[in-house]
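The values are calculated or read from the model by the stated rules, or taken from the named source; none is laboratory data. Keep in mind the model is a prediction, meaning the values are calculated, not measured. Cβ placement follows ideal geometry from the backbone for every residue including glycine, while neighbour counts extend to all protein chains displayed. These accessible areas exclude ligands, DNA and RNA; they are computed on the full protein's heavy atoms, side chains included. Shrake-Rupley method; radii C 1.70, N 1.55, O 1.52, S 1.80 Å.
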Number of protein chains: 2
Amino acid sequence: MEELAGAFGSSASLALRLGQTVFSSSSLFFMCLELGFYSYTAFCYFVTVMGLVILWSITLLVVDAYSVFIQSLPIQRRLIVIIFFGDMIMSYLSLAAACSTSSIVDLLLEAGESNCPPKLCDRYQLSAAMAFLSWFLSSVMRVVPQ
Amino acid sequence: MEELAGAFGSSASLALRLGQTVFSSSSLFFMCLELGFYSYTAFCYFVTVMGLVILWSITLLVVDAYSVFIQSLPIQRRLIVIIFFGDMIMSYLSLAAACSTSSIVDLLLEAGESNCPPKLCDRYQLSAAMAFLSWFLSSVMRVVPQ
């Protein structure tokens, strides 16, 4: 666990958190641009998870920014463990949300334009792609210690 | 990485690999019992991923069984890293497959019996549940070193 300690509060961690926040926010934005997502369970789950991921990444972004720009925070082992497991859970949740959304969009596209107008489906696809990028950044955070 | 070394070739690892093999095989069995899965991209992806997971877990099951029952194998750092990253990739792939399958089944159930007869849909659900259990075991393998 010691080698992970460097990750928290470093500028590399700050950049990754910033990316995670941007991608998860934009994926939620594209999904919620119209209220059609209420019709599908997978899309509702997606919105819930992305809300959680945004909260989590913004909190850690603020802490990282404080640690980099203002004052370096002391690194506690317990905090690192919490962040590690939190990242793990968020990573699994966002991967699950991105996969279920993209598979539903794929099925809707196959079912024809009556079920999913191209403009709306393009937005859903974009949203799923952003969620995949957000997941990728959160898994990078766990695998590569900075 | 040193603390992970204990995981490879231990009896706990053998039990987890056995569970993973059983769950992934049964999920593939329930999915392929009828050839209806060819109609959906997500189900085809599911079958491919489960095939890969079975191959991976059977290989490591054999190595673990050899190490536990016949002769303890020397633990090489490079091998542990390969197994760690292999488990990580398999865990992500099987979670993605399980999530996309379960979301498709949910949508088919909502669409009515004409799209998915109850007997067939029950099988797909069972298959997704088995895939989730297989994913859970492979993620336990990564998080908790024995």
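Quick rundown of the values:
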{"read-out": "Förster radius 25 Å - calculated FRET efficiency between B:T48 and A:S39, Cβ distance, rounded to 0.05", "value": "0.25"}
{"read-out": "Total accessible surface hidden between B and A, rounded to 100 Å², 1.4 Å probe", "value": "1600"}
{"read-out": "Per-residue ³J(HN,Hα) for the range A:101-115, Karplus 6.51 cos²θ - 1.76 cosθ + 1.60, θ = phi - 60°, Hz, x for Gly and Pro", "value": "5, 5, 5, 5, 4, 4, 5, 5, 5, 5, 6, x, 5, 5, 7"}
{"read-out": "Chain A, relative contact order [Cα under 8 Å, separation at least 6], %", "value": "43"}
{"read-out": "Nearest-20 debye value, the range A:8-143 charge dipole, Cβ charges on Lys, Arg, Asp, Glu", "value": "540"}
{"read-out": "Rounded, prolate or oblate (a/c below 1.5 giving rounded, otherwise prolate when a/b exceeds b/c) for the range A:18-146 by Cα gyration tensor", "value": "prolate"}
{"read-out": "Solvent-accessible heavy-atom area per residue, rounded to whole Å², over the protein assembly as shown at 1.4 Å", "value": "48"}
{"read-out": "Net charge contributed by nearby residues that have their C-beta within less than 11 Å of B:P117 (K/R +1, D/E -1)", "value": "-1"}
{"read-out": "With Cα atoms, 0 to 90° folded angle of helix A:11-32 axis to chain A main axis", "value": "20"}
{"read-out": "Share of carbon and sulfur in the accessible heavy-atom surface of chain B [1.4 Å probe, %]", "value": "70"}
{"read-out": "Gap separating the Cα centres of the range B:81-116 and the range A:15-92, nearest whole Å", "value": "23"}
